[in-house]
Amino acid sequence: MKTGLRQSFQSPLGAHSMDASGALTRSRTRVAFLAGTALAGLLLSAGTMLAPTPAGAVNECGVVAAGGTATCTSAGNVYPNGITYDVTDLTVVVDNDVVVNAVGFDGINMGGGAFGTQTLNIASGAGVTSDQTAIYVQSTNGDVTIDSGAEIMAGATGIDALLPANGTLSVTSDGTIQSTNRAINAYLQGVGDLTVVSTGNLNSTAGAGVYARH
């Protein structure tokens with residue numbers, strides 16, 4: 001890695017600054033790529049959010065009340081219809097030995113209209129594969145947090161995070177993502193903080209490695 005280097009450039013969203021650590025900042029938006037990250041591309045511009053594919057499985061890891069936590073274990077492997085939840089103030093935890101291999105559905109889909117805070121924690125060692133979007137998380141009026149250590153393969157977008165309101169949107173990924181469209185797609189439409197941090201390899205065949213819009 002080069003040291004002592006600082007680069008500044010303009011994008012359609014305004015001035016950005018990138019230092020030797022790979023941290024990119026603009027107002028309350030931060031996109032960081034640490035050493036060892038391979039990117040297919042980086043776009044920070046106005047654009048169209050990719051629509052998620054409706055998922056078919058519901059409450060695959062057990063029924064959870066609002067404010068609860070669903071823990072997904074290897075007992076459900078290989079989750080052929082994906083993992084889907086639409087619960088207010090939900091946390092989903094995916095164990096390290098979980099394998100999701102969804103065909104015709106998103107791998108993990110949270111918040112197709114859900115309210116409140118949506119949090120997804122995937123342990124390192126897990127695998128999420130889908131011929132659609134691998135991971136999709138949205139809230140209509142609360143914070144969105146994705147912390148993924150999974151190895152991801154997607155026929156569409158790898159990680160897709162959307163918050164069409166004020167709040168905090170955070171995506172952290174340290175696993176390899178292979179996707180056809182964007183590897184990581186993060187869109188905060190309201191006022192708040194947007195953070196994307198990737199320390200794994202990102203490989204996109206037809207899109208950006210990371211697209212972050214605020």
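May I ask you to say which residue of ASN181, ASN185 is touching an Asp or Glu at 6+ places or on another chain (Cβ under 8 Å), touching a residue at least 40 places away in the same chain (Cβ under 8 Å), closer than 18 Å to ASP106 by Cα and of a type outside the set (Asp, Glu)? Selected residue: ASN185, the only one of ASN181, ASN185 that is touching an Asp or Glu at 6+ places or on another chain (Cβ under 8 Å), touching a residue at least 40 places away in the same chain (Cβ under 8 Å), closer than 18 Å to ASP106 by Cα and of a type outside the set (Asp, Glu). Answer with yes or no whether THR84 is more than 24 Å from ASN203 (Cβ to Cβ) and out of contact with any helix residue (DSSP H, G or I) (no Cβ under 6 Å at 6 or more places or on another chain). For THR84, the condition - more than 24 Å from ASN203 (Cβ to Cβ) and out of contact with any helix residue (DSSP H, G or I) (no Cβ under 6 Å at 6 or more places or on another chain) - is met.
Failed condition for THR133, given (1) open to solvent by less than 10 Å² (accessible area, probe 1.4 Å); (2) in a strand (DSSP E or B), with all others met? With (1) open to solvent by less than 10 Å² (accessible area, probe 1.4 Å); (2) in a strand (DSSP E or B) applied to THR133, the lone miss is (2).
Suppose the filter is within 12 Å of the chain's Cα centre (by Cα) and surrounded by fewer than 20 Cβ atoms within 10 Å (Cβ to Cβ); does ASN141 pass it?
On the way: within 12 Å of the chain's Cα centre (by Cα): no; surrounded by fewer than 20 Cβ atoms within 10 Å (Cβ to Cβ): yes.
Spelling it out, it is not the case that ASN141 is within 12 Å of the chain's Cα centre (by Cα) and surrounded by fewer than 20 Cβ atoms within 10 Å (Cβ to Cβ).
Evaluating SER148 against the criteria (1) surrounded by fewer than 20 Cβ atoms within 10 Å (Cβ to Cβ); (2) under 19 Å from THR84 (Cβ atoms) leaves one unmet condition, (1).
Here is the figure for the stretch 97-122: residues that are part of a strand (DSSP E or B), open to solvent by 10 Å² or more (accessible area, probe 1.4 Å) and touching a helix residue (DSSP H, G or I) at 6+ places or on another chain (Cβ under 9 Å) total 1. Only one entry of ALA208, ALA161, ALA156 meets the criterion of being touching a residue at least 12 places away in the same chain (Cβ under 8 Å) and either within 21 Å of THR91 (Cα to Cα) or part of a strand (DSSP E or B) (or both), and that entry is ALA161. Residue count for the stretch 71-96 under the criterion of being at positive phi and buried (at least 20 other Cβ atoms within 10 Å of the Cβ): the result is 2. GLY125 meets each of the listed conditions (1) touching an Asp or Glu at 6+ places or on another chain (Cβ under 7 Å); (2) at pLDDT 95 or above; (3) open to solvent by less than 10 Å² (accessible area, probe 1.4 Å); (4) not β-branched (Val, Ile, Thr) apart from (3).
The values are calculated or read from the model by the stated rules, or taken from the named source; none is laboratory data. Note that this is a predicted model, so its numbers are computed, not measured. Every residue, glycine among them, receives a Cβ derived from its backbone with ideal geometry; neighbour counts consider all protein chains shown. We work out accessible area using only protein heavy atoms, side chains counted, and drop any ligands, DNA or RNA first. Shrake-Rupley method; radii C 1.70, N 1.55, O 1.52, S 1.80 Å.
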